[in-house]
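Okay, structure first, notes after.
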Amino acid sequence: SYIYSRERVYAMHQSSIDGVEDMSALAELHEAAIMHNLYQRYQKDNIYTNIGSILAAVNPYKQISGLYDPERVDLYSKHHIGELPPHIFAVANECYRCIWKRHDSQCVLISGESGAGKTESTKLLLQFLSVMSQKSAGTSPLEKSTRVEQAIVQSSPIMEAFGNAKTVYNNNSSRFGKFIQLHFSEGGNIQGGCVIDCILICI
């Protein structure tokens, strides 16, 4: 164990006490301040926190009411990233804007340990992009979506079936990485896509 004298212990900065949505704004940027900020937000069901352009997500292991409903999709689709509280829909919307308006290819890297919620995050990204695709095609999200959009949303069980293994965190931990490629038309709607599973090798 370690013993610290009073001279080596400092009061927390106010930004660490109050908590921040973007941890690049923390006056004290060290492991303890980062973990404390994530814990504070987690206690309030704020599972998303920005670290500059990176989104940190903490698996709540429960359903949070209204977090992913259609109204939330509509809200984030009308704002740039950083204008609203951190959310995976903000990341998805920024990608969609860049694809459609700048005609630039985009890539979202989702990383985390077993049970962190990578597959769920992927499903939420696909859900958002599917709704935006329907809007660009002039179809209301409440109306029947196209066959392509339906196939993408309904691919969730297939994604979860790639290389499943039971762990202490969940019953369907993937043993494969997944590369999901979507193709968009110039009008902004999804025209097709594919899922490629990749073997993960630790060196």
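The values are calculated or read from the model by the stated rules, or taken from the named source; none is laboratory data. Quantities reported herein were computed from a predicted structural model and do not represent experimental measurements. Cβ atoms come from the backbone with ideal geometry, glycine included; neighbour counts cover every protein chain shown.
Consider region 12-52 and keep the residues that are touching a residue at least 24 places away in the same chain (Cβ under 8 Å) and of a type in the set (S, T, N, Q). The one that is surrounded by the most Cβ atoms within 10 Å (Cβ to Cβ) is Thr49.
Residues that are part of a loop (DSSP other than H, G, I, E, B) and hydroxyl-bearing (Ser, Thr, Tyr) within region 48-98 comprise Ser53, Tyr61, Ser65, Tyr68, listed in sequence order.
Being at pLDDT below 95, on the phi > 0 side of the Ramachandran plot and outside the structural domain of Cys95 (by TED's automatic domain parsing): is that true of Tyr10 here?
Taking the combined requirement at face value, the residue does not satisfy it.
Among the residues making up region 99-114, those that are more than 15 Å from the chain's Cα centre (by Cα), without any contact (Cβ under 8 Å) to a residue 12 or more places away in the chain and assigned to a loop (DSSP other than H, G, I, E, B) are Arg102, Asp104, Ser105. For Tyr39, the conditions (1) in contact with a Ser or Thr (Cβ under 8 Å, 6 or more places away or on another chain); (2) not in a loop (DSSP other than H, G, I, E, B) all hold with the exception of (1).
Selection within region 121-136: residues that are touching a residue at least 60 places away in the same chain (Cβ under 8 Å) and not hydrophobic (A, V, I, L, M, F, W, C). The member of this set that is nearest to Ile88 (Cα to Cα) is Ser121.
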